[in-house]
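Working notes for the structure below.
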Amino acid sequence: MKLQKILSNFQELHPKEIDLSLDRVKELCKKLGNPQDKIKAISVVGTNGKNSSINAMFSILKEANLKCNVYTSPHILKINERFIFNNKELSDDELADLFEEVEKINDNNKITVFEMLSACFFYKAAQYPDNINLVEAGLFHRFDATNILKENLASVVCSCSIDHTDWLPKDERTIEKIVFEKTSTLLNSNIIVAKQSTKETMDCIKKTISQNLSNKVFFNDDFSYSVNKNDFFYYEDKLGGLKLPMPNVIGQYQLENISTAIATLRTLDIGIKDEHIQRGITKISSLARLQEIKSGKLKELVKNNKLIIDGSHNEDGARVLNEYLQTLDCNKHIIIGMMANKEHEKYISYFKDISSITTIDLKTQPNSIGGKDLKDKFKSITNVQYQPSIEQAIKSIDLKEGDLLLITGSLYGAAEVLSFN
């Protein structure tokens with residue numbers, strides 16, 4: 001296939017070792033006519049909730065009949081997920097043609113794969129100057145390839161927490177440094193700050209952006225939400241309150257992300273009405289984010305038991321995932337595979353009242369930790385076992401009627417599982 005061949009060439013031609021810099025992507029975009037200067041963008045930064053917040057905004061914007069371009073990372077099942085234009089994923093042929101054209105203009109100059117992909121997105125997005133672009137930052141933000149815009153409609157700061165610390169000097173692996181990397185270079189427009197896991201983190205964000213001249217909107221200070229037992233939730237900001245149906249995605253943290261999306265779109269004067277929000281939040285697409293699997297090979301193995309896949313992989317992700325699990329009155333079993341550079345013991349420590357934990361190998365990820373080594377890291381847990389594959393793991397678990405099975409620990413692992421399913 002043409003697309004796969006071009007992607008293989010990307011991997012071979014471009015450096016795998018990433019040094020954080022904006023010079024390469026700026027140079028390529030200059031050759032492309034600086035397309036990033038010709039678009040209307042909402043930039044989304046943070047550690048957790050970026051993809052979910054974008055999906056919520058995208059769903060609401062579509063209900064308002066607004067055209068969007070969407071750039072996210074990583075992809076789960078196929079790279080096309082990262083390239084949405086005019087509300088549709090590019091086809092394989094369209095994506096291959098885009099990559100080929102930009103690669104030719106780059107003329108074999110040194111550039112990382114993510115920088116190349118980002119340049120490709122901006123180049124294509126400039127063909128739709130009236131569209132709203134939802135742009136997810138990759139690693140941190142200050143030196144991220146998406147951070148080359150001169151202006152934007154808004155910057156959204158999702159939940160910030162400790163992750164990707166291997167990119168930081170050992171004496172700077174703190175929440176203060178992570179917040180600095182993610183928020184110190186936000187543009188002067190509108191800044192919407194989501195709910196944070198601690199007051200310390202929120203205070204750190206406020207301090208870091210204190211000199212930024214943007215209109216600032218903070219969770220709790222300027223917008224909030226509450227849950228009603230009668231199957232709706234209530235959103236409120238300075239424009240008033242909204243009684244909303246429960247969304248089609250599960251988990252308390254998704255209400256946080258959706259509220260952030262609503263706050264962002266209501267801050268901007270782009271014609272979003274209450275009915276667009278009410279309809280949009282019931283049609284959100286959310287791959288590998290507390291996604292219930294209702295059919296396929298793995299579902300057949302668990303029969304009538306609920307099967308959920310979630311790509312959370314850091315402490316804050318584990319915290320909110322456990323909060324969801326604690327709302328369920330059933331036995332919970334976890335299958336987990338993780339990348340090698342994560343805080344494995346800290347991640348698993350957040351889960352309480354789990355009936356069994358099974359570690360597995362992620363067979364398609366060379367940078368993952370082996371399931372046996374992961375089990376050894378969980379030695380303080382009494383109910384942990386190892387199985388080499390997801391299929392063997394499911395078969396080894398004694399699921400009783402009404403039990404829940406959760407597969408988690410990595411977005412890459414989620415992709416592997418969904419592909420198998």
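The values are calculated or read from the model by the stated rules, or taken from the named source; none is laboratory data. All of these numbers come straight from a predicted model, not from anything done at the bench. Positions of Cβ are generated from backbone atoms using ideal geometry, with glycine treated the same way; all protein chains shown enter the neighbour counts. Side chains included, ligands, DNA and RNA excluded: accessible areas come from the protein's heavy atoms. Shrake-Rupley method; radii C 1.70, N 1.55, O 1.52, S 1.80 Å.
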Over 19 Å between alpha carbons, listed pairs 78/375; 238/283; 88/124; 306/375; 243/273
78/375; 238/283; 306/375
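At a threshold of 8 angstrom on Cα-Cα distance, excluding pairs fewer than six apart, so keeping six or more, what relative contact order does segment 168-309 reach in percent?
In percent, rounded to a whole number, it is 17.
Probe of 1.4 angstrom, ligands and nucleic acids ignored: what's the accessible area per residue over the chain, in square angstrom?
Working: 18940 Å² over 421 residues.
On a per-residue basis, 45 Å².
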My understanding is that a pair violates if its Cα-Cα distance is over 27 Å; which of 50/206; 177/216; 352/400; 303/342; 342/363 do that in this structure?
303/342
Measuring from the lowest to the highest alpha carbon on each principal axis, how far does segment 356-419 reach, largest first, in angstroms?
35, 29, 17
If you filter segment 4-78 for trypsin sites (Lys or Arg not before Pro), then keep DSSP loop positions with at most 14 other Cβ within 10 Å, what is left?
16, 67, 78
Compute the projected area of the convex hull of the Cα atoms of segment 7-148, averaged over all viewing directions, and report it in nm² to one decimal place.
8.0
Helix-only mean residue ellipticity at 222 nm, the chain, DSSP H runs n ≥ 4 weighted -39,500 (n - 2.57), per residue, nearest 500. What is it?
-10500 deg cm²/dmol
Any idea what log10 I(q)/I(0) is at q = 0.18, 0.23 Å⁻¹ for segment 313-421, Debye with uniform C-alpha scatterers and no solvent?
-0.85, -1.44
Rounded to a whole %, the carbon-and-sulfur portion of the accessible area of the chain at a 1.4 Å probe is 46
So what is the orientation-averaged projected area of segment 20-103, using the convex hull of its C-alpha atoms, in nm²?
6.7
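If you build the Cα gyration tensor of segment 252-328 and take the root of 5 times each eigenvalue, what three semi-axes come out, in whole angstrom, biggest first?
Numbers: eigenvalues 175, 56, 20 Å².
Ellipsoid semi-axes (Å, largest first): 30, 17, 10.
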Radius, Kirkwood style, for the chain when every pair of distinct Cα atoms is counted (Å)
22.3
Explain nothing, just the number: relative contact order of the chain, from Cα pairs under 8 Å at least 6 residues apart, as a whole percent.
16
Semi-axes in Å, largest first, for segment 212-348 (Cα gyration tensor, √(5λ)) are 31, 20, 14
For residue 159, enumerate residues with amide H under 5 Å from its amide H, sequence gap 5+ or separate chain, H modeled in the peptide plane.
47, 48
Which of the three applies to segment 89-245, rounded, prolate or oblate, going by the alpha-carbon gyration tensor with a ≥ b ≥ c and a/c under 1.5 meaning rounded?
oblate
Below 8 Å, C-alpha to C-alpha, sequence gap of six or more: please give me the relative contact order for segment 263-368 in percent.
21
